[in-house]
Amino acid sequence: MTRRPRSRLPPRLDDTPAPAAPREPSAPSLRDRLKQSHVAGRSTRFGREELVALMRRVAAGSPPVRLGLDPFGTLTLAQVEAAVAAVYGWEGDGPRANIAASRTADGFDNAVSRILEVAHAGRGLAFATARPASLLPLHCALADVAADAGGSVLQLRESGPIGAGGRRLRWLDGVAVVTDGVQLLGDDDVHAAEELLFALPRPDLVVADRCFAGVALNAGFEVVAFADLDAMALAVAAHRGRALRIVPLDERRPPAAYDPLRSRLEELASAGIPSPATLPAGSPIAL
């Protein structure tokens, strides 16, 4: 039989590979979800110039922006800028202010770690929010987790009167809020925070925001605080080493916007006490 010359043989075809299985789209990360809901990321409310003006007021010691904290003493604009960069992750670049989603995610993990530590030890925790239209469900979820972990969530039915107008504190699922008897109020009055500490037994940890956090810290309590960019006085206190753990976030979003944090809370609670997150250099937090 005559062999066909090799050059005239048909080309050899490689085995056709099986088509690759379609890849399942990965779920968005916590940081991505925080930015999508505008809880972190580029601020929808604060421009650069507005925030720089607020930094100057904090450096000057203006009482309204101190949120119940005593004057810081010698405080320069550069020191305020350093605190904002360390806590919020914003260094003054761009026309809009910014909260780095990584700071929010890491700060939340660290805050939940401390809440669980206190709760597992059977110690007392006080919860309060001055932004109930946004943060109340998140605070309530934290209070539930603390109670389930063995903590004593300190609460009353309501407090005594706060100034004129019939305002009082009422506790909803373990969280103190200000009310006039008809509606819940967003209230930055230091007297409401002072009433909280007067009415309750002494807590081992206060979980709060705004003046509730500032007044508690000023009174010598350990604090976990949610802090928006205009609560940067808390960031300065934390950057100076006070007993304060901060979760930086936009505190005026709809309650559902914080669902990524509530989902993360469920993960951390089911896992027990998490290890504190690795924080950026210069962040205050190791207590």
message: Suppose the chain between GLU158 and THR44 were pulled fully straight at 0.36 nm per residue; how much longer would it get relative to their current alpha carbon spacing?
response: 37.5 nm
statement: Summing -39500 (n - 2.57) over every DSSP H run of at least 4 residues in the chain and dividing by its residue count gives a helix-only mean residue ellipticity at 222 nm, to the nearest 500 deg cm²/dmol, of -12000 deg cm²/dmol
- prompt: How many nm separate the modelled label positions at ASP148 and VAL182, each set 7 Å beyond the Cα in the direction of the Cβ?
  reply: 3.7
message: Give me the one-decimal nm value for the distance between modelled label points at SER26 and PHE72, 7 Å along each residue's Cα-to-Cβ direction.
response: 3.7
query: Taking the C-alpha atoms of the range 40-95, how large are the radius of gyration and the largest Cα-Cα span, Dmax, in Å?
result: 11.6, 32
field: Alpha carbon convex hull of the range 32-174, projected area averaged over orientations, nm²
entry: 10.9
Formal net charge of residues neighbouring GLY94 (Cβ-Cβ distance under 9 Å; K, R +1; D, E -1): +2
- request: Just tell me, in residue order, which DSSP H segments of the chain are both 15 angstrom or longer along the helix axis (alpha-carbon based) and at least -0.5 in mean Kyte-Doolittle hydropathy.
  value: 48-60, 77-88, 101-120, 132-148
query: How large are Rg and Dmax for the chain when only the alpha carbon atoms are used, in Å?
result: 25.0, 114
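None of the figures in this text is laboratory data; all of them are computed from the coordinates on show. Not measured: the values here are computed from a predicted model. As a convention, Cβ positions derive from the backbone with ideal geometry for all residues, glycine included, and neighbour counts pool all protein chains shown.
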